[in-house]
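Working notes, beginning with the structure itself.
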Amino acid sequence: MADHLKMDPARIARLQDPQRLQTVDPARIWQCVSVCPSAVIADIGCGAGYVALPFAAHFPEATVYACDVLSGMLDLVDEAAQTRALDNLKGILMTGVDTGLSAHTVDLVTMLQVHHELDDPEAVLDECRRILKPGGHLVIVDWKHPNDGGPDATGRRVGASEIRMQLEKTGFADLRSHPVYTLHNLITAQPGTHKSD
């Protein structure tokens, strides 16, 4: 996943801005997907922990993996987790698309505002499918494309139909769209039977 801005302070400030809750509250995710209190959760492209931190706080018996390709982002997550005494949150430095997590060990994978940044979305989705348990869920939250009713944008946007096509191509099934955000799509999927299985 490309990140040409790296650890730009302005970007970090945007990622940590509490005003984001008005448009993309992470609590909507666990309102759309049933999460076991002791679930194993992986937040891919966690950034400064916008999703991972509230999940770890809301589900104190869960194990939450904050996964990112930038060690600096993981440092921010670790610092925030220590401040909040969230000992159920663990940072993972990804190598490319590899999370390093064992196959079929994760109940829920989340990706918030990550999909449009991916250079090889199918490789990332393959990794998500690999680590998910049968019956687990993948949740993708990303900016709406103008074709989906999103605002005009200067940055990259990926339409919901393209995301769904990529999910189907990588062996996901039970694709559902949840109209809980105004500016973002929220799509859930479960690992299905892939042609290579």
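When the chain is fully extended, how far beyond the present Cα-Cα distance does SER71 get from ASP119, taking 0.36 nm per residue of separation?
Full extension from SER71 to ASP119 adds 15.3 nm.
Compute the label zone of GLU61 within the stretch 120-139: residues whose backbone N is under 20 Å from the point 7 Å along Cα-to-Cβ.
Counting backbone N atoms under 20 Å from the label point, the list is 133, 136-137.
Along the positive direction of the dipole of the stretch 46-142 (beta-carbon charges: Lys, Arg +1; Asp, Glu -1; about the Cα centre), which of HIS115, CYS67, PRO134 reaches farthest?
PRO134
State to the nearest 20 debye the size of the charge dipole of the chain about its Cα centre, where the only charges are +1 on K and R beta carbons and -1 on D and E beta carbons.
Approximately 380 debye in magnitude.
Under the definition of Cα pairs under 8 Å and six or more residues apart, what whole-number percent is the relative contact order of the chain?
Normalised by residue count, the contact order of the chain is 18 percent.
Provide, for the stretch 40-197, the number of lysine pairs with alpha carbons under 23 Å apart, each pair being eight or more places apart or on different chains.
For the stretch 40-197, qualifying lysine pairs total 5.
Along the Cα→Cβ direction, 7 angstrom out, place labels at MET165 and THR23. What is the inter-label distance in nm?
Label-label distance for MET165 and THR23, simple model: 2.6 nm.
Based on the Cβ-Cβ distance from SER34 to THR182, what FRET efficiency comes out when R0 is 25 Å, to the nearest 0.05?
Numbers: r = 24 Å, r/R0 = 0.96.
That pair, SER34 with THR182, gives E of 0.55.
Each value in this text was obtained by applying a stated rule to the coordinates, not by laboratory testing. Not measured: the values here are computed from a predicted model. All Cβ positions, even for glycine, are placed from backbone atoms using ideal geometry, and neighbour counts span all protein chains on display.
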